[in-house]
Amino acid sequence: MTSPGPYPHIVCCVEHGSPGSDRALVEARRVARSGRSRLTLLHVMEPLRVYPAFPGGGTQTWYPDPAEFRTQAEAWLTEVAQNGENAVVIDGMPYHAACEWAREQGADLLVAGSHRGLVERMLVGSFAGYLARHAPCPVLLVRPETA
């Protein structure tokens, strides 16, 4: 049996419904296969927000059920994982939590999509930019497909 390449443990940050995340996962799998690396798919659940029950106002408020969201996220990630890939769901602010988890687990490479919409970047900042500056290991940022 041959030993893993330069990245024994690769962590790919994944997000449901994100084309950039989908491309990052394809690339992470390619790198993992070429180096016989262990691949972990990491999904970070952001803190839940409170939503108004009715558009336009009203006094009732809808509180999402965190257990239901976690169950859905774990089921989705389990479906996405292939051939012995680890599937991990954690809680927290995605950029902080992903870096801290990678540090604690001794990740050798973090892979993520590099594109968010303009509005989302303005409101929460760039996840990819944060990883590039603060990750405890090398980071591979995968650009979205161009037309």
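Side notes on the structure shown:
- Full-stretch length increase - residue 34, residue 71 - with 0.36 nm per residue and alpha-carbon distance subtracted: 10.1 nm
- Taking θ as phi - 60° and the Karplus parameters 6.51, -1.76 and 1.60, the scalar couplings of the range 74-86 work out to 5, 5, 4, 5, 4, 5, 6, 5, 10, 6, x, 5, 7 Hz in sequence order, x denoting glycine and proline.
- Per-residue surface analysis assigns residue 95 an accessible area of about 50 Å², computed on protein heavy atoms at 1.4 Å probe radius.
- Projecting label points 7 angstrom from Cα along Cα→Cβ for residue 90 and residue 46 puts them 1.8 nm apart.
- Shape of the range 64-103, Cα gyration tensor, a/c cut at 1.5: oblate
- Local net charge near residue 71, Cβ-Cβ under 15 Å (Lys/Arg +1, Asp/Glu -1): -4
The values are calculated or read from the model by the stated rules, or taken from the named source; none is laboratory data. The structure presented is a predicted model; accordingly, all values stated were derived computationally and were not measured. Backbone-built Cβ (ideal geometry, glycine too); neighbour counts: all protein chains shown. Areas reflect the complete protein model, heavy atoms only, side chains present, ligands, DNA and RNA absent. Shrake-Rupley method; radii C 1.70, N 1.55, O 1.52, S 1.80 Å.
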